[in-house]
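Take a look at this one; I'll ask things after.
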Amino acid sequence: MEEMDPGLINLFLAGVMLLLAFGIGSWIESRHFKSIRRREEELKRLPAVTLERLPTPDGWDHDHSGLVHGHVVVSVDHFKRFVASLRQLFGGRIQAYESLMDRGRREAVLRLKEEAAKQGYHAVVNLRLESSRLASARRNGKGTAGIEVFAFGTGIKMRRLGA
């Protein structure tokens, strides 16, 4: 019986690991997007806008306001990191990171809206987003391990005048 070349075995195992990382990463990402869509639907009646103040309808006034925030850290799966490193060699859009940023932004805003709803606010104004890259320890801070997104704004409670 002929022995297999150790180099081929290692290449095969690396390919299997990449395919496994792709499958698991895609499954986790799709579950997260499904959760995001469900929660966005539940919170669609609580507006979060970048305007500094809401136009107040006749007969209503701002009753109370306070800071609300949402924060998330999302990791990059191994397959996306591999694809991104290839894209860095040849240039162009890194679509793998675009979906990561989309998930991070949407999740941070949802967490902000969930906090606002918990505190009884009717809307969030002056919404702002900050994001940063988490450096990879394995590559001396040069790789991306994930992203952090912070959403913050002013929660406001409304009251009917004369009530």
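When only residues in the range 33-62 that are among the small types (Gly, Ala, Ser) and either under 17 Å from the mean Cα position of the chain (by Cα) or surrounded by 14 or more Cβ atoms within 10 Å (Cβ to Cβ) (or both) count, which is farthest from TYR121 (Cα to Cα)? Even if it seems obvious, please write down each step before you answer.
Initial filter on the range 33-62 (among the small types (Gly, Ala, Ser)): 35, 48, 59.
Next cut, either under 17 Å from the mean Cα position of the chain (by Cα) or surrounded by 14 or more Cβ atoms within 10 Å (Cβ to Cβ) (or both) only: 35, 48.
Working: SER35: 23, ALA48: 11 Å.
Residue satisfying both the conditions and the ranking: SER35.
Separate question: Exactly one condition in (1) among the small types (Gly, Ala, Ser); (2) surrounded by fewer than 17 Cβ atoms within 10 Å (Cβ to Cβ); (3) touching a residue at least 12 places away in the same chain (Cβ under 8 Å) is false for GLY92; which is it?
(3)
Here's a follow-up. Return the only residue of ILE24, ILE36, ILE28 being touching a residue at least 12 places away in the same chain (Cβ under 8 Å), closer than 30 Å to ILE156 by Cα, among the β-branched types (Val, Ile, Thr) and out of contact with any His (no Cβ under 7 Å at 6 or more places or on another chain).
So the residue among ILE24, ILE36, ILE28 that is touching a residue at least 12 places away in the same chain (Cβ under 8 Å), closer than 30 Å to ILE156 by Cα, among the β-branched types (Val, Ile, Thr) and out of contact with any His (no Cβ under 7 Å at 6 or more places or on another chain) is ILE36.
Evaluate the range 39-57: report whether one residue or more is in contact (Cβ under 8 Å) with a residue 60 or more places away in the chain, of a type in the set (Val, Ile, Thr) and assigned to a helix (DSSP H, G or I).
no
I would also like to ask the following. Regarding SER99, is this residue surrounded by fewer than 20 Cβ atoms within 10 Å (Cβ to Cβ), in contact with a Gly (Cβ under 9 Å, 6 or more places away or on another chain) and either under 26 Å from GLY25 (Cα atoms) or hydroxyl-bearing (Ser, Thr, Tyr) (or both)?
No: the conditions fail for SER99.
Give the residue, chosen from SER30, SER65, SER75, that is surrounded by 14 or more Cβ atoms within 10 Å (Cβ to Cβ), modelled with pLDDT of 90 or more and either out of contact with any helix residue (DSSP H, G or I) (no Cβ under 8 Å at 6 or more places or on another chain) or on the phi > 0 side of the Ramachandran plot (or both).
On the way: SER30 fails: surrounded by 14 or more Cβ atoms within 10 Å (Cβ to Cβ); SER75 fails: modelled with pLDDT of 90 or more.
After ruling out the rest, the residue left standing is SER65.
The values are calculated or read from the model by the stated rules, or taken from the named source; none is laboratory data. The model shown is predicted, which means the values in this text are computed figures rather than measured ones. We place every Cβ from the backbone using ideal geometry, glycine too, and count neighbours over all the protein chains shown.
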